[in-house]
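Okay, so here's the structure we're looking at.
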Amino acid sequence: MKLYGPESIRNVAFVGHGASGKTTLVDALAFVAGSSRRHGSIKEGSTLTDTSPDEIERKHSISLGTGFAEWMNVKLNLLDTPGYLDFFGEVVCGLSVADAAVVVLSGVSGVEVGTERCWEACDHYHLPRILFVSGMDKEHANFERVFADIRDRLTPKVLPVEIPVGDGLQFRGIINLFTQTCQLFKPGSKAGEFEETPVPPEYQEAFSRYAEQLTEAVAASDDTLLEKYLGGEPLSREEVVPAMKKAMLAGEIVPLFCGSGELQHGVRALLTELVELFPSPAELKPPVEAPLVGRVFKTISEPHVGDVSLFRIFSGTIKNGDEVWNAEHSIAEKLNHLSVQQGKERQEVAELRAGDIGSVAKLKDAHANDTFSRRDHPVRLPPMKFPDTEATSAVVVKQRGEEDKLAAGLHKLHEEDPTFHFEYNSELGQTLIRGMGERHFEILLGRLARKYGVHAELSRPKVAYRETFKGLAEGQGKHKKQSGGRGQYGDCHIRIAPLARGSGYEFVDNIVGGVIPNKFIPAVDKGVQEAARRGPIAGYPCVDFRCECFFGSYHDVDSSEQAFKMAGILAFRAVSAKARPVLLEPIMAVDVRVPSDRMGDVLADLSPRRAQILTTDTEGRHTVVRTLIPQAELYRYSAALHSITHGRGSHTEKFHGYAEVPGDVAAKVAAEHKKETSPEE
Ligand SMILES: Nc1nc2c(ncn2[C@@H]2O[C@H](COP(=O)(O)OP(=O)(O)O)[C@@H](O)[C@H]2O)c(=O)[nH]1
Ligand SMILES: [Mg+2]
């Protein structure tokens, strides 16, 4: 491969809603440029960037795929991202190393949830972007409708640079306002063959209207051009393109193109626009000044190869075999077999320069978010910000004895996917996983089975209930045993009193006159604490109470720490049942963000979940509802919210505290506990 310097590289992320045509378009771009050998298809599972068995089977992207197209002596690095929100972490990985984005829309569906979400993410990264309406050949595709949709729901700064000749099944050409020419497709062409013609007469009116809009908007962004324009002089393509590029960088213009990735229409023109309208890394400021800065934005573990790390260089050059410094883990890594990815294929290269994207296999300890630098100039780039997890579940192995393998497999999955987390909760005796949604979990479990040989399934997470007391009570615990030899004697009187929520446990020694010798009092405390691990209602740990030991007796010979601990246990058991015990449940602070027009349905769903609504605030078209919801009511909430809002709602959960469980619910929990502890009944 040729060597490319920063001025001849473009890093472009392809983002948008699922099934809008991103993967097909990326495949077509690489193919039309001559950089990949064949034009693949989703149907046949042969695209450049949907290469994992999951993606081929499900016919949609799941993880970030990378390829490149060499065009006009420029290397276009193409980052194909998945559209489903469950895999939004991959979009973040892609955008964090892109200098620009193509937002792909379906000519049939226009602006969708995923489009809006990706648009916001591009805003966050301040990326210049191009809008591309793909699938113009699909039945019911309609350019004008999609254009209006974009103006209404994404940005008023959209400016068509191409308009189609015919929509849907009539789609037969593209008029380019830059070149002022029309490409008419050869009938039946499958490889984008076209004939260049003047603008057809029936399109003259639309052409003039859009061309006028375009010239005016571009002229308005540049003083010299504006003067010329107002003076009535025509603007040439050579003048318009750089001015537009500048306006795009400033976020003032978003050009709109159209075509068909499947039929490769509009693909050559798009290649040229990507080169001409998007900035090269040479034109952008690197995030920090240092001789070498590279970000690992993704690791993929591949069978037979091991871990492959994808990285982008922001400054400096890396040669094959170079050693780089990973300041995150304070280790040096040797980059052998330096490569670039073309889909799943790796092409070895001698060196990669600033701005470029490459890959390297078998590093010792490199993960997404790590930075490559030089040991004498260590750098750690600020981490990519991944979305908060939306869903929690428990996971169990199907076959006993595979628990260790499960933990190892989950660990690998987490290393590959920063939006996936897991932990073993020893109190509940469950492995809990957190991620973006049910679809995300499903994919992860499939990957776990295929790659790591662990078969596991989702199960409902148990709830970490607590117990506490609402009343005062006192009583005695006496442990006395006389079974030949030395006996055992311990006797204590305790009082239980409630404490404020969150205060934990307190022990008060109120023994007077040495009725219990000092050395045995801590043993009473120990006994109470041990017994309080299993509360009187349903065996959950007791919290937020004070235990006061105020009286007792002892025996000169038979008393021991062990005996007083036993007395403490007996005392707690006797007194706790009388101190009006109640069940507490974990409450989560849940922020739900939904389109305001779905608020009614969302609130209707929240009420049976025993939600306490704190505030509702409007943010543009959205409403954010802050609520407190018992954790027990949140199982599969992300899936429910998804279906109520057609994918437009999202939520975050954070532990808030414990609160008393209403009587009817508590009775159910207690009954379940009884069933579990005495299954023979
Ligand atoms: N007719 C037609 N079908 C397309 C076009 N682009 C994509 N498709 C089909 O639409 C579906 C989704 O395409 P895909 O590239 O996976 O979309 P992505 O989810 O955005 O990556 C697949 O069945 C494609 O074959 C197009 O330009 N024309
Ligand atoms: Mg895709």
Projected area averaged over orientations for segment 15-61, convex hull of C-alpha atoms, nm²: 3.1 nm²
Length-normalised contact order for segment 1-52 - Cα pairs under 8 Å, 6+ apart - percent: 26 percent
Alpha-carbon Rg with Dmax, taken over the chain, Å: 32.7, 117
Reachable aspartates and glutamates from Lys668, criterion Cα separation under 18 angstrom, eight or more residues apart if same chain: Glu467, Glu585, Glu633, Glu660, Glu676, Glu681
Principal-axis tilt of helix 143-153 within the chain, Cα atoms, nearest 10 degrees: 40 degrees
Sequence-distant lysines (8 or more away, or on other chains) whose Cα lies within less than 16 Å of Lys674: Lys462
Solvent-accessible area per residue for the chain (1.4 angstrom probe, square angstrom): 44 Å²
Over 15 Å [Cα-Cα, segment 128-175], rounded percent: 42 percent
Furthest towards positive pole of dipole, Ser650, Met244, Phe178, structure part the chain, Cβ charges: Ser650
Kirkwood-based shape ratio for segment 431-547, expressed as Rg/Rh from alpha carbons: 1.25
Helix 88-97 vs. the chain, principal-axis angle (Cα, 0 to 90°, nearest 10): 50 degrees
Residues of type aspartates and glutamates that Lys75 reaches as a straight line, Cα spacing below 20 Å, ignoring anything fewer than 8 places off in the same chain: Glu7, Asp27, Asp99, Glu273, Glu276, Glu283, Glu345, Glu348, Glu351, Asp356
Only Lys, Arg (+1) and Asp, Glu (-1) charged, at Cβ; segment 479-603 dipole about Cα centre in debye: 340 debye
Globularity ratio of segment 331-387, using Cα Rg and 2.2 N^0.38 Å: 1.25
Rounded percent of accessible protein surface that carbon and sulfur make up, the chain, 1.4 Å probe: 50 percent
Segment 630-681, Cα convex hull volume normalised per residue, Å³: 119 Å³
Test item: Cα-centred dipole of segment 588-632, Lys/Arg +1 and Asp/Glu -1 on Cβ, debye: 120 debye
Share antiparallel - DSSP beta bridges, the chain, percent rounded to 5: 80 percent
For Val661, distant residues with modelled amide H under 5 Å away: Leu583, Leu584, Glu585
Reference-scaled alpha-carbon Rg (2.2 N^0.38 Å with N residues) for segment 1-109: 1.02
Tilt relative to the chain, helix 204-220 - C-alpha long axis, 0 to 90 degrees, to 10: 70 degrees
Calculated log₁₀ intensity ratio I(q)/I(0) where the Debye formula runs over C-alpha points of segment 53-204, q = 0.15 Å⁻¹: -0.96
Cα-based Kirkwood hydrodynamic radius, segment 369-469, one decimal, Å: 15.4 Å
Pairs beyond 26 Å (Cα-Cα), from Lys138/Lys298; Lys186/Lys344; Lys481/Lys526: Lys138/Lys298; Lys186/Lys344
Cα-centred dipole magnitude for the chain, charges only on beta-carbon of K, R (+1) and D, E (-1), debye, nearest 20: 2360 debye
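The values are calculated or read from the model by the stated rules, or taken from the named source; none is laboratory data. Everything numeric here is computed off the predicted structure, so don't read it as measured data. Reconstructed Cβ throughout: ideal geometry from the backbone, glycine too, with neighbour counts over all protein chains shown. Just the protein is used for accessible areas: all its heavy atoms, side chains included, with ligands, DNA and RNA removed. Shrake-Rupley method; radii C 1.70, N 1.55, O 1.52, S 1.80 Å.
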